[in-house]
1. List the helices (runs of 4 or more DSSP H) inside the range A:115-212, counting only whole elements, that have at least 3 residues being under 22 Å from B:M159 (Cα atoms).
2. So how many residues does the range B:62-85 have that are under 17 Å from B:L227 (Cβ atoms) and without any contact (Cβ under 8 Å) to a residue 40 or more places away in the chain?
3. May I ask you to list the residues in the range A:146-171 that are out of contact with any strand residue (DSSP E or B) (no Cβ under 6 Å at 6 or more places or on another chain) and of a type in the set (S, T, N, Q)?
4. Check whether at least one residue in the range A:132-147 is within 10 Å of another protein chain (Cβ to nearest Cβ) and farther than 23 Å from B:F167 by Cα, and report yes or no.
5. Which of (1) within 29 Å of B:H169 (Cβ to Cβ); (2) within 20 Å of the chain's Cα centre (by Cα); (3) crowded, with 22+ Cβ neighbours inside 10 Å does A:I89 not meet, given it meets every other one?
6. Across the range A:44-59, which residue is surrounded by the most Cβ atoms within 10 Å (Cβ to Cβ) among those that are within 13 Å of chain B (Cβ to nearest Cβ) and not in a loop (DSSP other than H, G, I, E, B)?
7. Please indicate, with yes or no, whether at least one residue in the range A:93-108 is within 9 Å of chain B (Cβ to nearest Cβ) and out of contact with any Lys or Arg (no Cβ under 9 Å at 6 or more places or on another chain).
8. Sort through B:L200, B:L206 and tell me the only one that's more than 17 Å from the chain's Cα centre (by Cα) and aliphatic (A, V, I, L, M).
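The values are calculated or read from the model by the stated rules, or taken from the named source; none is laboratory data. What you see is a predicted model; the values in this text were computed from it and never measured. Neighbour counts are summed over all protein chains in view; Cβ atoms, including those assigned to glycine, are modelled from backbone coordinates with ideal geometry.
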Amino acid sequence: MSLLTASHITKEYGGRTIIQDIDICLEQGELVSLLGLSGSGKTTLFHVLSGLVQPEKGQVFLEGEDITGKPGKISYMLQKDLLLPHKKIIDNVSLPLVLKGARKKEARREADPYFSSFGLNGAQYLYPSQLSGGMRQRAALLRTYLSKSRVALLDEPFSALDTITKGQIHEWYLDVMEKIDLSTLFITHDIDEAILLSDRIYIMTGNPGQIHQQLKIEPGRTHRKGFTLTDEFLNYKRQIIEILQAAPALPHAQETSV
Amino acid sequence: MKEKLENITNKLPAVLALAGIILLWQVLCSSGVLPAYMLPSPVAVVSAFFGDLPNLMTHAAVTLQEAAYGLMIGVVLAFVMAPLLDRFELLQKAFYPIMIITQTIPTIALAPVLVLWMGFGMAPKITLVVITTFFPIAVGLLDGYKSVDPDTIRLMRAMGASRVQIFRHAQFPAALPQFFSGLKISASYAVVGAVISEWLGGFEGLGVYMTRSRKAYAFDRMFAVILLIVIISLLLMWLVNILRDISMPHLRAEHSARN
């Protein structure tokens with residue numbers, strides 16, 4: 001049984017079908033990307049998976065439990081770090097614990113040991129505005145982690161970072177995922193990022209959005225040093241670009257960043 | 001230390017301008033260009049201020065009490081109403097225009113009616129202060145609640161937060177800056193509102209003192225009251241600033257991070 005399964009998801013807004021009959025799954029420990037042009041309904045799918053909205057059709061299962069329309073089971077992270085400006089970092093990251101009923105003091109005590117492994121030591125009692133973009137993003141990740149769900153949905157979390165910071169945070173994220181046994185579903189429109197990080201890639205196209213194709217990326221994630229310079233990498237990239245270009249044009253579609 | 005120095009140099013032009021105007025005023029009065037029955041000199045005002053200080057303080061205590069009660073009720077009312085208006089759109093559609101209309105009614109027209117209804121005691125004064133102070137605070141809070149990024153609310157819902165938790169952890173703190181801007185305006189409105197309603201009927205308070213001084217042609221005392229009202233308003237605003245800094249320590253941190 002897969003860790004997370006979504007079957008036949010259809011979501012409409014105001015009579016317009018945004019995504020149609022989507023089937024995806026996520027296995028334990030996997031990092032799977034959802035790649036598609038802007039407007040293909042990736043974010044809508046995430047809203048359904050995280051339980052924020054109820055789909056017109058279809059169901060979401062987490063370890064066999066039906067969680068359709070039930071928020072609080074899967075953690076969610078966006079491009080914006082969305083740290084609350086008035087809370088110190090330690091209170092920001094331990095917010096999921098407080099929301100579940102922990103006292104502020106207990107929550108702080110529980111969060112504190114993770115600061116060093118998330119590269120945030122010394123930042124506990126600072127405010128978000130006093131941190132760099134990369135640090136804020138790591139704090140957002142720690143918050144995601146402390147929500148203790150086994151699945152994280154990441155909606156273009158790194159797209160605001162510069163290339164070098166992005167590279168570092170990729171490496172670090174894969175490392176953390178390994179350590180804390182987290183499985184990730186990852187939205188991106190960056191083809192390179194998707195190939196580099198993923199075990200599998202779902203390519204979403206169309207209007208309404210549908211899963212067009214699924215790609216399994218070989219070699220495995222742990223053997224990808226210098227992968228971006230290999231022929232395999234370019235082959236994957238060519239394949240994806242062809243699929244995306246063949247897809248019917250979307251209204252207001254933007255260029256993919258390649 | 002550096003900050004302090006900066007503070008002083010920032011305020012220097014304002015202090016110099018004010019000192020210049022007072023000096024000019026004094027010169028015009030002492031030289032006899034302006035007769036004392038039209039404009040008392042600054043020195044005369046200050047001496048009237050200290051000469052009748054005990055009496056002034058007794059009246060000020062009454063006015064301050066009215067302003068404080070009114071402001072408190074206004075704040076509490078705004079705190080109760082704003083989340084309701086924010087939560088229920090129908091309520092907002094129904095009451096927001098009414099709130100705006102109450103703001104267009106001139107205070108001076110409303111005060112006698114309130115006296116007629118509630119007598120010459122404190123009640124009509126407090127009511128007037130409530131009406132004038134409620135609006136800026138309620139509007140500030142409402143705008144503040146709306147200023148939260150919808151993605152923040154989505155994220156918190158995805159974490160399983162209840163509506164109350166979202167309000168407590170995100171919306172309410174986000175509204176604090178606007179709340180304090182509203183409170184700053186309201187604090188000075190409160191004093192002015194109380195004084196105006198005292199003009200129009202009452203036995204005690206700075207407004208009453210003012211009316212009596214006017215009737216006695218004691219213009220130096222009238223100006224002394226104005227001076228006192230200015231001082232009180234400035235003190236209240238300063239107090240609000242201190243409260244704001246205590247409630248929002250992260251703003252101070254941001255400020256020092258930028259420098």
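1. A:133-146, A:163-180
2. Selection size over the range B:62-85: 0.
3. A:S159, A:T163, A:T165, A:Q168
4. The answer is no, given that none of the residues of the range A:132-147 is within 10 Å of another protein chain (Cβ to nearest Cβ) and farther than 23 Å from B:F167 by Cα.
5. (2)
6. Going through the qualifying residues, I end up with A:L49.
7. Scanning the range A:93-108, I find at least one residue that is within 9 Å of chain B (Cβ to nearest Cβ) and out of contact with any Lys or Arg (no Cβ under 9 Å at 6 or more places or on another chain), so the answer is yes.
8. From the options B:L200, B:L206, the qualifying one is B:L200.
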